[in-house]
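The structure under discussion appears below in the form of structure tokens.
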Amino acid sequence: MPSTTPTFYLTGQNNFGNRGCEALVRSTLTVLNAAFGPVKILVPSFDPVRDGAQWPGAAAEGVEFVSTPSMPTLFAKWSGASQRFPLLQKLPNPRPALPASLLADLKRADVLLSIGGDNYSLDYGLASLFFFAGIADAAMAMGKPAVLWGASVGPFTREPLAEKRIAEHLRRLTLVTVRESRSIEYLRGIGVADNVLAVADSALAMKPQPVDTQAWWPAEPADGVLGLNIGWLIDSLRRQAGQAEGIVGEVVAFVREVLATTRLSVVLVPHVAPLNGNAFNNDEVFNEQLLAALGGPSARLATVPRGLNAAQLKHVISQCRLLIAARTHATIAAFSTAVPTLSIAYSVKAKGINRDLFGHERYVLETPKVARDTLRTGLELLLREEASIRDLYRAQLPNWRERAHAGAFELARRLSAQRS
């Protein structure tokens, strides 16, 4: 590392519409500053104007938005063809023809961090997996350290050839920091261990940004506020599974039951909303539709207004008594502000994170099981065990926050050892 301000390139990120991505970038800067002193981070963005508006002080804190590399057409074609003709996977993977702008940014950087949480999985297909691995390979070819940052990894079991190649790739990285034990166990099973470090998600270290909620917060919070983040994703997954009615009816029935049988108020909380207003994968739009189906806002029912950034949403979540949430970083915002939370699991990462934080998966509800009755059962469990959950938070939060910084301090140690 140079004696001047070190520069980190963050691959795996391309916009702040997903407030979880924004939370990862913000918190990564926080933990790097703690370990290295002031740093500069290069943040890929396909909409730097809107992303910059989400974080007005970004430039002053060392953030530079740079162009986002597009996945080469060849990669998409190879991925589709290899699924149809599996024998193609035995051939060498196509190497991405990376754009000159990306290569120039990698040359400016001292270290590459692969962020995003779950890019090293099959959630987005083989093309995405090998594209991001290819960017890390390009950095290493330049002699730059490359790190997988605060991730969940795999499993790649259903693609054994890809699994072998990714295992080889991961072993060549300077450091693989992993946010839940399920992934660590899996990595050990495929021979990736020596460079692996257990950490907590860096977003645990993101500080909430106070925001005035007076204009829309429930006027009658009574016994407190239940934050509800079901969102576009769960509705979409239900429809893809063949349930044409989606999830709206079940959620409406659940909210009406909460309002009728408890003194809790309800706030609908978004966590993914494209900054250009696109309705696709937009929790804000979904919540507005849900609110309309419930008859509109009332003294005990509200939705968070559009446009809040990740740190502001963390503040909103911190004001809730309880949270039921699907988006991973909405739950992490709650964990780190001591809000008892039921996680709706759309992938294995929710189970892994809960198991590591609580020692079990009892506060997890799988997406196919989401319904009025299961939501009610989950809420009753949170209410019944609220005191013990809060006791656990008091005991464990300092350790969780320390683990959120662990990857940055270990990286600083390893890079220092390489220089000496």
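Over the Cα atoms of region 194-258, the radius of gyration divided by the Kirkwood radius equals 1.14; this is the Rg/Rh ratio. Calculated FRET efficiency, HIS360 to GLU220, Cβ-Cβ distance, R0 = 22 Å: about 0.05 to the nearest 0.05.
Radius of gyration over Kirkwood radius for region 241-342, both on Cα atoms: the Rg/Rh ratio is 0.95.
Both numbers refer to the Cα atoms of region 129-249; Rg and Dmax are 20.7, 60 Å. For region 144-249, applying the loop criterion from DSSP together with a ceiling of 16 other beta carbons within 10 Å to the GluC sites (Glu not before Pro) yields GLU245.
May I ask for the distance between the Cα centers of region 175-204 and region 1-73, given as a whole number of Å? Going from one Cα centre to the other spans 23 Å.
Scalar couplings 3J(HN,Hα) for region 133-138, obtained by applying the Karplus form with A = 6.51, B = -1.76, C = 1.60 to θ = phi - 60°, are 5, x, 5, 5, 4, 5 Hz; x denotes Gly and Pro.
Accessible surface calculations at 1.4 Å, restricted to protein heavy atoms, place the chain at 41 Å² per residue.
Taking all Cα pairs closer than 8 Å and separated by 6 or more residues, the relative contact order of the chain comes to 17 percent. For the chain, a Kirkwood radius taken over Cα pairs fed into Stokes-Einstein (20 °C, viscosity 1.002 mPa s) yields D = 96 µm²/s. For SER298, no residue 5 or more places off, or on another chain, has a built amide H under 5 Å of its own. Taking every Cα-Cα distance in region 302-420 and sorting them into 5 Å bins from zero, the calculated P(r) comes out as 2, 10, 18, 21, 18, 12, 8, 5, 3, 2, 1, 0, 0 percent. From helices alone, the chain scores -14500 deg cm²/dmol at 222 nm; the rule is -39500 (n - 2.57) for each run of n ≥ 4 DSSP H residues, then divide by the residue total. In this rough spin-label picture, where each label sits 7 Å from Cα along the Cβ direction, the GLU380-ASP123 distance is 3.1 nm. Our note on the geometry: Cα centres of region 260-293 and region 121-136, 31 Å apart. For region 291-301, putting each phi into the Karplus relation 6.51 cos²θ - 1.76 cosθ + 1.60 with θ = phi - 60° gives couplings of 4, 5, 5, 8, x, x, x, 8, 5, 10, 9 Hz, in residue order, rounded to whole numbers and with x for Gly and Pro.
Checking every one of the chymotrypsin sites (Phe, Trp or Tyr not before Pro) in region 270-335 against DSSP loop status and a limit of 11 other Cβ atoms within 10 Å picks out PHE280. Each residue of region 32-38 was assigned a 3J(HN,Hα) from its phi angle through the Karplus curve 6.51 cos²θ - 1.76 cosθ + 1.60 (θ = phi - 60°); the sequence is 5, 4, 5, 8, 10, x, x Hz, with glycine and proline shown as x.
Highest GNM mean-square fluctuation among ASN309, ASN229, ASN399, for the chain modelled with Cα contacts below 10 Å: ASN399. Nonpolar atom fraction for the chain, defined as the carbon and sulfur part of the 1.4 Å probe accessible area, stands at 54 percent.
The chymotrypsin sites (Phe, Trp or Tyr not before Pro) of region 369-420 include none that meets both conditions, a loop assignment by DSSP and at most 14 other Cβ atoms within 10 Å of the site Cβ. Here region 1-57 has an Rg and Dmax of 11.8, 35 Å, counting Cα atoms alone.
The values are calculated or read from the model by the stated rules, or taken from the named source; none is laboratory data. Computed from a predicted model, the values in this text were never measured in an experiment. Ideal geometry is used to build each Cβ from the backbone, glycine not excepted, and the neighbour counts take in all protein chains shown. Areas reflect the complete protein model, heavy atoms only, side chains present, ligands, DNA and RNA absent. Shrake-Rupley method; radii C 1.70, N 1.55, O 1.52, S 1.80 Å.
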